[in-house]
Ligand SMILES: *C/C=C(C)/C=C/C=C(C)/C=C/C1=C(C)CCCC1(C)C
């Protein structure tokens with residue numbers, strides 16, 4: 001009987017100290033609200049910014065759907081929803097690379113830069129997944145970290161930087177914020193990985209946060225936060 005009730009009920013109990021479950025729950029709502037906001041904002045910006053807001057909205061929308069699955073998975077099994085997490089990332093991180101490209105396109109960014117970033121991000125995520133699901137977390141994490149460094153290098157000092165400097169003005173400003181998101185915002189994820197996997201870095205477990213809480217904070221900053229910054233730039237440059 002209990003089994004029947006559990007399997008037909010849409011809501012499961014949540015302990016008051018279940019921080020992971022709580023951040024999954026908040027994540028669902030926040031990603032959903034952000035998607036509505038980005039989609040509706042498309043009508044208040046200049047034509048050249050519309051696609052950027054559309055992509056921001058798609059990123060948070062895809063994340064919202066995965067968060068519903070992750071929330072349920074966590075409630076049901078009390079385990080990290082690694083599979084849904086990485087499916088979410090493999091869809092949304094390349095979309096973020098498209099977003100970077102759209103921002104720098106005005107400055108003459110080429111599609112080859114976009115594909116390079118997408119390729120590197122796929123390597124970063126596939127190796128991260130292998131590290132979390134297999135038994136060589138340190139090795140795969142290192143390869144993943146290297147791909148991440150190449151992305152950061154490419155954005156900060158490589159092709160993207162040259163384009164932004166040549167364009168100046170608004171583009172240079174947007175490029176700067178993009179750099180900080182990739183360097184600081186994205187670095188939240190390797191921290192979560194080090195908490196969730198075993199290796200020489202076990203000392204970071206001492207900060208007392210759960211891997212999923214760290215990943216969820218990272219997603220809020222990088223998906224919603226980044227989208228809001230794009231929104232602010234779009235609004236500012238649509239006035240004049
Ligand atoms: C919306 C989701 C985003 C922006 C996800 C980004 C994920 C990363 C930057 C993950 C990076 C990782 C490393 C650099 C090393 C360890 C393994 C990962 C996959 C957690």
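Screening residue 122 against (1) in a helix (DSSP H, G or I); (2) over 15 Å from the mean Cα position of the chain (by Cα) leaves a single unmet condition, (2). The set of residues in segment 37-59 that are exposed (fewer than 14 other Cβ atoms within 10 Å of the Cβ) and in a helix (DSSP H, G or I) comprises 40, 43, 44, 47, 48. Inside segment 58-89, residues that are on the phi < 0 side of the Ramachandran plot and more than 13 Å from the chain's Cα centre (by Cα) make up a count of 17. The set of residues from segment 60-108 being part of a helix (DSSP H, G or I), away from the ligand (no atom under 13 Å from the Cβ) and in contact with a helix residue (DSSP H, G or I) (Cβ under 7 Å, 6 or more places away or on another chain) comprises 68, 69, 71, 73, 74, 75, 101, 102, 103, 104.
This table checks each residue for (1) at pLDDT below 95; (2) over 30 Å from residue 236 (Cβ atoms).
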site: 47; (1), (2): yes, no
site: 65; (1), (2): no, yes
site: 97; (1), (2): no, no
site: 107; (1), (2): yes, no
site: 112; (1), (2): yes, no
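For segment 126-240, which fully contained helices (runs of 4 or more DSSP H) count at least 2 residues that are buried (at least 19 other Cβ atoms within 10 Å of the Cβ) and either within 11 Å of the ligand (Cβ to nearest atom) or at pLDDT 95 or above (or both)?
The qualifying helices (runs of 4 or more DSSP H) are 137-156, 188-196, 211-219, 226-239.
Inclusion of residue 204 among residues that are without any contact (Cβ under 8 Å) to a residue 24 or more places away in the chain, under 23 Å from residue 85 (Cα atoms) and touching a helix residue (DSSP H, G or I) at 6+ places or on another chain (Cβ under 7 Å) is warranted.
Looking only at segment 26-53, residues that are in contact with a helix residue (DSSP H, G or I) (Cβ under 6 Å, 6 or more places away or on another chain) and without any contact (Cβ under 8 Å) to a residue 40 or more places away in the chain come to 5 in all.
The values are calculated or read from the model by the stated rules, or taken from the named source; none is laboratory data. Just so it is clear, the model here is predicted, and its values are computed rather than measured. Heads up, the Cβs are rebuilt from the backbone with ideal geometry, glycines too, and the neighbour counts pull from every protein chain shown.
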